[in-house]
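Okay, structure first, notes after.
The values are calculated or read from the model by the stated rules, or taken from the named source; none is laboratory data. Predicted model only: the values in this text are computed from it and were never measured. Ideal geometry is used to build each Cβ from the backbone, glycine not excepted, and the neighbour counts take in all protein chains shown. The protein model used for the area step is the full one, side chains on, heavy atoms only, and it has no ligands, DNA or RNA in it. Shrake-Rupley method; radii C 1.70, N 1.55, O 1.52, S 1.80 Å.
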Amino acid sequence: MGRASWPSHGPADLYCRHTSASLVIQENAAPAVRADLETFFERIAPEDPARYAHNDEGPDDMPAHIRAALIGVNLSIPLLEGRLALGTWQGIYLFEHRRAPHRREIAAHLIGE
Amino acid sequence: MGRASWPSHGPADLYCRHTSASLVIQENAAPAVRADLETFFERIAPEDPARYAHNDEGPDDMPAHIRAALIGVNLSIPLLEGRLALGTWQGIYLFEHRRAPHRREIAAHLIGE
Amino acid sequence: MGRASWPSHGPADLYCRHTSASLVIQENAAPAVRADLETFFERIAPEDPARYAHNDEGPDDMPAHIRAALIGVNLSIPLLEGRLALGTWQGIYLFEHRRAPHRREIAAHLIGE
């Protein structure tokens, strides 16, 4: 879509095409928030092979699926007067749930007028 | 909407009209992922009447509401060139949180061009 | 948008512009469901300063971010024949995760035809 037809109002949709990474809106200032969020998930969905039947790609495989189910893979953020209606403290994050780096694809589109 | 007017780009929205079932994107290959996900929720939101004030429909009532709040009831998946932009390993699941089978209604719509 | 152009079909999007409050679809009848949901979150993400590095605004700061990440800040509810396609028992709630009252902004829009 050319910039000329960029809408000024409508939903901006982001979609993560994976089952072990998420899209999440979180605090954009203090990095400790993201570290604490990691720690929280390590506590409720730990890398403990005794807990999971699914272990095909290692101990971080099933915890990653659980985190993706909890946080989700899509966001819809309103576009208002040509700008994302993010709050002052909101940032958009791709939350990687696997230990090793992975290439991730995000589909995005804008509709509106 | 007739097939003739089916859009090729836009959001495909799915909405589960219940508070004890969810829509979730998850791994479409290994059934163990779904079993492990069930086990995870039984661990963090167990059927333990001592924990909950709300128990109107039995011990699986409140755990089902908790799971629905955590996972959510709507998905928005981009339609790109006439196809859902699902990743290779992504499947769309209705996640039933009650023990007994229930009839569930999903509202769906497509908009776009 | 004037009432004259109110669409009868399309997504109704709601977006909470904060990182410590959520939008959630939940049971609209029994208040005990909401109390049990609070208790659940106090259990899995308690106000325990020993757990969190981020504590800038007090012991309820980081638990609020965790809850917002888990539940999410946006909802997309289909508009069908001019009405939100909410199920019989569904209500839309702003879930405040901080202890003190806060002023919260929700962006909403409707698109469709």
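Result for chain B in a Gaussian network model with C-alpha springs under 10 Å: among B:Ala45, B:Ala29, B:Ala64, the largest mean-square fluctuation is at B:Ala29.
Label points for C:Arg43 are taken 7 Å from Cα along Cα→Cβ. From this copy to the others they lie 1.5, 1.5 nm apart, shortest first. Taking every protein chain into account, the 1.4 Å probe leaves A:Glu47 with about 70 Å² of accessible area, to the nearest ten. Once the Cα atoms are used to define both axes, helix B:61-71 deviates from the longest principal axis of chain B by about 40 degrees. For C:Arg99, the point set 7 Å out from Cα toward Cβ sits 3.8, 3.8 nm from its twins in the other copies, listed from shortest up. Principal semi-axes of the equivalent ellipsoid, √(5λ) from the alpha carbon gyration tensor of chain B, are 32, 16, 10 Å from largest down. The calculated pair-distance distribution of the protein assembly as shown uses every alpha carbon pair, bins of 10 angstrom beginning at 0, and gives 5, 25, 36, 25, 8, 1 percent.
Excluding ligands, DNA and RNA and using a 1.4 Å probe, chains B and A jointly bury around 2200 Å² of accessible surface, summed across both partners.
When you restrict to C-alpha pairs under 8 Å that are six or more residues apart and normalise by the size of chain A, the relative contact order lands at 54 percent.
Using a probe radius of 1.4 angstrom, the carbon and sulfur fraction of the accessible surface of the protein assembly as shown is 51%.
The stretch A:47-113 to the stretch B:39-113: how many Å between their Cα centroids? Answer, in whole Å: 17. Given their separation in residues at 0.36 nm each and the Cα-Cα distance between them, A:Ile92 and A:Glu105 gain 3.2 nm when the chain is fully extended.
Contact with the other protein chains removes 40 Å² or more of accessible area, compared with the isolated chain and a 1.4 Å probe, from these residues of the stretch C:95-113: C:His109, C:Ile111.
Per residue, the accessible area of chain B comes to 47 Å² when a 1.4 Å probe rolls over the protein heavy atoms. Extension gain, B:Asp60-B:Asp48: 0.36 nm per intervening residue step, less the Cα-Cα distance, totals 3.5 nm.
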